[in-house]
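Enquirer: Have a look at the structure that comes next, please.
The values are calculated or read from the model by the stated rules, or taken from the named source; none is laboratory data. These figures come from a predicted structure and were not determined experimentally. Counting neighbours? That spans all protein chains shown, and the Cβs are built from the backbone with ideal geometry, glycine included.
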Amino acid sequence: MKRELKTDTFLPEKVMLMKMTLRWYGSKLDNITLKQIRQIPGVTGVISGLYDIPAGEVWPLDQIRALKEEIEKEGLALEGIESVNVHEDIKLGTPEAEKYIENYKQTLRNLAEAGIKLVCYNFMPVFDWLRTDLAKVLPDGSNTMSYDEDIIRKTNPASMFDEMTSQSNGFVLSGWEPERIMEIQRLLELYSDVDEEKVWKNLEIFLKEVIPVAEKYDIKMAIHPDDPPWSVFGLPRLITSKENLERFINLVDSPYNGLTVCTGSLGANPENNIPEIIRYFGAKGRVHFGHVRNIKIYEPGKFDEVSHKTEDGSLDMFEIMKAFYDIGFDGPIRPDHGRMIWGEKGRPGYGLYDRALGAVYLNGLWEAIERMDRTWHEKH
């Protein structure tokens, strides 16, 4: 079947709009080096953060600057921060929420002073991203992260931190920090009478305080979808669908109140049409960041993370990259998670080799789309 490209997207003065990046956890917490990342063809920057600072505390300006300088010395750009975690008291709307919101605003000011223009964050209660197996062996011998709702139904939520950390290869997993582990039972009790509407209200309060600061300092805020995009252990989940994304951007109508389109998170629900979501919110100027990965869905609530190649999973990576191209996306994209291949050992989902392959594959798709578009314009 012949693919046709739009005729109004080719920009001859900007062949490569988007910026291909990798997530990097810093020299103290990541076994992948900046020198290795710099050698991946087409990767020009990283997404990083201060991962040893607990949620709710102000990020010191000197540490932000030191991180940025370390990255730039290796010939890479710090293209954005992922994540400035939102304290649970903000999500719950406790009396302490105001203090933590003020700290968040000060962190944004410090980031702006260091020249940071993008912040990714999430508003997932208690559990950040969730998997039931961090090293499932695939038929080709690689291992990957996997999710099975049947296992979740049989699991005590209080034991999930132990389940996740026991498979982490000794790494502290983002979203599964020790301070969360110590509070798990208390948090579950606090959320026992909190429904989605209460969390929506608290999210609105947070945005109305934070987005004006982002506007003032020219920082694009990009909320990450819930992963997976449905309720887990009965906890509220908000950022799960096109309808809810629409509700989210309308809470505060500002171009700085935007989205991280994570294809693997939203795509875990087959009802979410990822290219359509990219085009719809891209037309509104709300797509600020892209996490692009593939998953293989076996049945509702059961999926594996696979290679980025379209035929290996359930998502059409060509159409996803074309959607980013069609909206003239000029922000950062990262290949998100990868499998562990070639005997590599490391942070689950964040090895070097498969993410490098993913970055090159996605860049290749982008180049092919651009050339097809250029050829069409030359002939017409």
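Enquirer: Can you work out which of the residues in region 141-157 that are among the charged types (D, E, K, R) and either in a helix (DSSP H, G or I) or within 22 Å of the chain's Cα centre (by Cα) (or both) is modelled with the lowest pLDDT?
Expert: In the first step, residues of region 141-157 are kept if they are among the charged types (D, E, K, R); the result is 148-150, 153-154.
Remaining after also requiring either in a helix (DSSP H, G or I) or within 22 Å of the chain's Cα centre (by Cα) (or both): 148-150, 153.
On the way: D148: 95, E149: 94, D150: 93, R153: 90.
Ranking the candidates gives R153 first.
Enquirer: The conditions are (1) at pLDDT below 95; (2) over 16 Å from the mean Cα position of the chain (by Cα); (3) surrounded by 21 or more Cβ atoms within 10 Å (Cβ to Cβ), and S231 fails exactly one of them. Which is it?
Expert: (3)
Enquirer: Hey, among the residues in region 176-204 that are in contact with a helix residue (DSSP H, G or I) (Cβ under 9 Å, 6 or more places away or on another chain) and not in a helix (DSSP H, G or I), which one's modelled with the lowest pLDDT?
Expert: Per the stated criteria, the residue is W176.
Enquirer: Taking the conditions exactly as written (outside any loop (DSSP other than H, G, I, E, B), among the aromatic types (F, W, Y) and surrounded by fewer than 22 Cβ atoms within 10 Å (Cβ to Cβ)), does Y104 satisfy them or not? So that I can check it myself, show each step before the final result.
Expert: Values: outside any loop (DSSP other than H, G, I, E, B): yes; among the aromatic types (F, W, Y): yes; surrounded by fewer than 22 Cβ atoms within 10 Å (Cβ to Cβ): no.
Against the criterion (outside any loop (DSSP other than H, G, I, E, B), among the aromatic types (F, W, Y) and surrounded by fewer than 22 Cβ atoms within 10 Å (Cβ to Cβ)), Y104 does not qualify.
Enquirer: Only one of T21, T33 is over 30 Å from I205 (Cα atoms) and touching a residue at least 12 places away in the same chain (Cβ under 8 Å). Can you tell me which?
Expert: On the way: T33 fails: touching a residue at least 12 places away in the same chain (Cβ under 8 Å).
The match here is T21.
Enquirer: Which residue pairs have Cβ atoms closer than 8 Å, lie 6 or more positions apart in sequence or on different chains, and pair a first residue in region 303-332 that is closer than 22 Å to G80 by Cα with a second residue that is of a type in the set (S, T, Y) and modelled with pLDDT under 95?
Expert: If the second residue must be of a type in the set (S, T, Y) and modelled with pLDDT under 95, the pairs left are Y325/T9; G328/T9.
Enquirer: Let me ask another. I'm trying to understand the selection: among the residues of region 239-254, which are within 19 Å of the chain's Cα centre (by Cα) and under 19 Å from V119 (Cα atoms)?
Expert: I239, L245, F248, I249
Enquirer: Here's something else I'd like to know. Within region 298-314, identify whether any single residue is under 19 Å from the mean Cα position of the chain (by Cα), crowded, with 23+ Cβ neighbours inside 10 Å, of a type in the set (D, E, K, R) and closer than 28 Å to E246 by Cβ, and answer yes or no.
Expert: yes
A quick yes/no check of all residues on (1) in a helix (DSSP H, G or I); (2) within 14 Å of T263 (Cβ to Cβ); (3) out of contact with any Phe, Trp or Tyr (no Cβ under 7 Å at 6 or more places or on another chain):
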| position | (1), (2), (3) |
| --- | --- |
| F289 | no, yes, yes |
| D304 | no, no, yes |
| H308 | no, yes, no |
| E319 | yes, yes, yes |
| A323 | yes, yes, yes |
| D330 | no, no, yes |
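Enquirer: It is to be established whether one or more residues within region 339-346 are at pLDDT 95 or above and crowded, with 23+ Cβ neighbours inside 10 Å.
Expert: yes
Enquirer: Go through the residues of region 281-296 one by one and say whether even a single one is within 17 Å of the chain's Cα centre (by Cα), in contact (Cβ under 8 Å) with a residue 40 or more places away in the chain, closer than 26 Å to E215 by Cα and surrounded by fewer than 18 Cβ atoms within 10 Å (Cβ to Cβ).
Expert: No: region 281-296 contains no residue that is within 17 Å of the chain's Cα centre (by Cα), in contact (Cβ under 8 Å) with a residue 40 or more places away in the chain, closer than 26 Å to E215 by Cα and surrounded by fewer than 18 Cβ atoms within 10 Å (Cβ to Cβ).
Enquirer: Considering only region 336-344, I want to know if a residue exists there that is over 19 Å from the mean Cα position of the chain (by Cα) and at positive phi.
Expert: Checked against the condition, which is being over 19 Å from the mean Cα position of the chain (by Cα) and at positive phi, region 336-344 yields at least one hit.
Enquirer: Output the residue which, of all residues in region 115-140 that are closer than 30 Å to V194 by Cα and of a type in the set (D, E), is surrounded by the most Cβ atoms within 10 Å (Cβ to Cβ).
Expert: Per the criteria, the residue is D128.
Enquirer: Across region 322-335, what is the total count of residues that are crowded, with 23+ Cβ neighbours inside 10 Å and of a type in the set (D, E, K, R)?
Expert: 2
Enquirer: Can you find even one residue in region 64-72 that is surrounded by fewer than 17 Cβ atoms within 10 Å (Cβ to Cβ), in contact (Cβ under 8 Å) with a residue 40 or more places away in the chain, under 20 Å from P332 (Cβ atoms) and among the acidic types (D, E)?
Expert: The answer is yes, given that some residue of region 64-72 is surrounded by fewer than 17 Cβ atoms within 10 Å (Cβ to Cβ), in contact (Cβ under 8 Å) with a residue 40 or more places away in the chain, under 20 Å from P332 (Cβ atoms) and among the acidic types (D, E).
Enquirer: Return the residue satisfying two criteria in turn: it lies in region 73-108 and is closer than 26 Å to C262 by Cα and of a type in the set (D, E, K, R), and of such residues it is nearest to the chain's Cα centre (by Cα). Can you show your working first?
Expert: So in region 73-108, the residues closer than 26 Å to C262 by Cα come out as 76-92, 101, 104-105, 107-108.
This time we only want the ones that are of a type in the set (D, E, K, R), so: 79, 82, 88-89, 91, 105.
Details: E79: 13, E82: 8, E88: 19, D89: 22, K91: 19, K105: 21 Å.
Of everything passing the filter in region 73-108, E82 is nearest to the chain's Cα centre (by Cα).
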